[in-house]
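Participant: Below are the structure tokens for one structure; questions will follow.
The values are calculated or read from the model by the stated rules, or taken from the named source; none is laboratory data. For clarity, every value in this text was computed on a predicted model and none was experimentally measured. Counting neighbours? That spans all protein chains shown, and the Cβs are built from the backbone with ideal geometry, glycine included. Protein only, heavy atoms only, side chains kept; ligands, DNA and RNA dropped before computing areas. Shrake-Rupley method; radii C 1.70, N 1.55, O 1.52, S 1.80 Å.
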Amino acid sequence: MILRFGLGAEELAWAAIFLVAPVSGVYYPIAVLPAWLQSVAWALPSAHVFEGMRSVLLEGVFPWSHFWAAAGLDLIYVGIGIATFDLAIRYARVHGKLLQMGE
């Protein structure tokens, strides 16, 4: 988005962090969220990371299930990101949008 819309889109990236942090279990366990929001949280790799670290700190056990879930979700999201970036760059090249960047 920053490549396409300029530095104004950077504000959206910072806002996204503040929206994702509470759902990731940064401040409290995922179990305290409502059931519908728990399913959203488990779709985020960061939720698995924070729950795994919480387990290490409180129980002294490294939960491999959270590790592999986070790694799998990371691969999925990186793949989606690469495909989206590729489509955006192809569109920008065809329509000459990369030449119109002023920043």
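Participant: What residue, among those in the stretch 54-103 that are farther than 30 Å from residue 29 by Cα and hydroxyl-bearing (Ser, Thr, Tyr), is farthest from the chain's Cα centre (by Cα)?
Facilitator: Going through the qualifying residues, I end up with 91.
Participant: Could you list, ordered by first residue, the pairs with Cβ atoms under 8 Å in which the first is in the stretch 10-33 and open to solvent by 40 Å² or more (accessible area, probe 1.4 Å) and the second is in a helix (DSSP H, G or I) and not aromatic (Phe, Trp, Tyr), at least 6 apart or interchain?
Facilitator: Sorted first by the residue in the stretch 10-33, then by its partner, the pairs are 10/2; 13/2; 20/46; 26/46; 29/51; 29/54; 31/38.
Participant: Then there's this: Take residue 94 and decide whether it is among the hydrophobic types (A, V, I, L, M, F, W, C), assigned to a loop (DSSP other than H, G, I, E, B) and loosely packed, with under 13 Cβ neighbours inside 10 Å.
Facilitator: no
Participant: Give me the pairs: first residue in the stretch 61-73 and farther than 16 Å from residue 39 by Cα, second residue not small (Gly, Ala, Ser) and not in a loop (DSSP other than H, G, I, E, B), beta-carbon distance under 7 Å, and six or more apart or on different chains, which are they?
Facilitator: 62/56
Participant: Those residues that are crowded, with 16+ Cβ neighbours inside 10 Å and assigned to a loop (DSSP other than H, G, I, E, B), I need them from the stretch 43-63; list them, please.
Facilitator: Correct list: 44, 63.
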